[in-house]
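**Q** Encoded as structure tokens, here's the structure I'll be asking about.
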Amino acid sequence: MKQDAPRSGLRLAATWCALSWAAGCASPAWAAQSPDAIRAAAEQAVRQHYAMPGNRVVVRTEPLDMRLKLDDCAQPLIATVPDRATPPSHMSVQVQCTQPRHWSVRVPVQLELFRTVLVTSHALQRGDGLSLADVRQEERDITRLGYGYVENLQQVAGRTLSRSLPKDAVLSPGALGGRRMVRAGDHVQLVARLGSIEVRADGVALGSGDNGARLRVRNENSGKIVDAMVSAPGVVTALP
């Protein structure tokens, strides 16, 4: 019996493909890039970017859109961290592939960057002189310190405060005034003014402070203790 030509042709084609698999009759299954690999590449790039002495880096990535379908990359993924002057708590890291086909995706990243900074040990007032007893070292996330921070104990030696700070406040560069013009125990010139009359006397400072700071001074001649304001290095003005 004569076979139907179309059916015979189909069977022949199927047999030929089965025998010639390596020749490409059947296409290999499509492979998708793992979302976990993309997130891992972003996290690793951020860790390396901020891996400096004294830093403790904590990185978390947010889940990617499950509808995202990307070709499996034949090369190592390339992740680019945005270069910013100050480390942000949130950023977007670009992860891309160049082979076999180019694709690029942005990965949302949360960053915590811990460093040891100086924190006030007790409440301090504007004009107070700073000593090592006034601060302590503590680890803080600097991505949340918008006003900056101070981490070197040598930076506070001999400095005064330009504003008041509560206990446990992070010491920022903006909170530091100049070097103390007067230190406790210094011999100072005590100036008293009444109209156009000016009287000067030798005194001993009982406190420390920068220009404009209030402190108490003992008059060396009379022994009387008066309130005064620092007006220049080694000079204080008696307050009425």
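All of the numbers you see were taken from the coordinates with simple rules; none came from a lab. Every value quoted in this text rests on a predicted model; they were computed, and no experiment measured them. Here the Cβ is made from the backbone with ideal geometry for all residues, glycine too, and neighbour counts use every protein chain on show.
**Q** Counting just the Cα atoms, what span does the range 98-237 cover along each of its three principal axes? Round to the nearest Å and put the largest first.
**A** The Cα atoms of the range 98-237 stretch 90, 30, 21 Å along their principal axes.
**Q** Over the alpha-carbon set of the chain, work out the extent along each principal axis and list the three values in angstrom, largest first.
**A** For the chain, the Cα extents along the three principal axes come out at 139, 31, 23 Å.
**Q** Oh, and also: Might you report the magnitude of the Cβ-based charge dipole of the range 133-240 about its Cα centre, with Lys and Arg at +1 and Asp and Glu at -1, to the nearest 20 debye?
**A** It comes to approximately 220 debye.
**Q** Give the shape of the range 35-114 as rounded, prolate or oblate, defined through the alpha-carbon gyration tensor: a ≥ b ≥ c are the square roots of its eigenvalues, a/c under 1.5 means rounded, and otherwise the shape is prolate if a/b is larger than b/c and oblate if not.
**A** Prolate, because a/c is 1.5 or more and a/b exceeds b/c.
**Q** Related question: Given 25 °C and 0.890 mPa s, compute D for the range 115-179 with the Stokes-Einstein relation, Rh being the Kirkwood radius over Cα pairs; round to the nearest whole µm²/s.
**A** Value of D from the Cα-based Kirkwood radius: 214 µm²/s.
**Q** Now for a different question. Got a sec? Charge dipole of the chain, +1 on Cβ for Lys and Arg, -1 for Asp and Glu; which of 235, 171, 88 is way out at the positive end?
**A** Of 235, 171, 88, it is 88.
**Q** Right, something else. So if I place +1 on the C-beta of Lys and Arg and -1 on the C-beta of Asp and Glu, and nothing else carries charge, what would the dipole magnitude of the chain be about its Cα centre? I want it in debye, nearest 20.
**A** 280 debye
**Q** To the nearest 500 deg cm²/dmol, what mean residue ellipticity at 222 nm is calculated for the chain from DSSP H runs of n ≥ 4 alone, each contributing -39,500 (n - 2.57), summed and divided by the residues?
**A** When only DSSP H runs of four or more count, the value is -4000 deg cm²/dmol.
**Q** Treating only the Cβ atoms of Lys and Arg (+1) and Asp and Glu (-1) as charged, compute the dipole magnitude of the range 35-114 about its Cα centre; round to the nearest 20 debye.
**A** Magnitude of the dipole: close to 80 debye.
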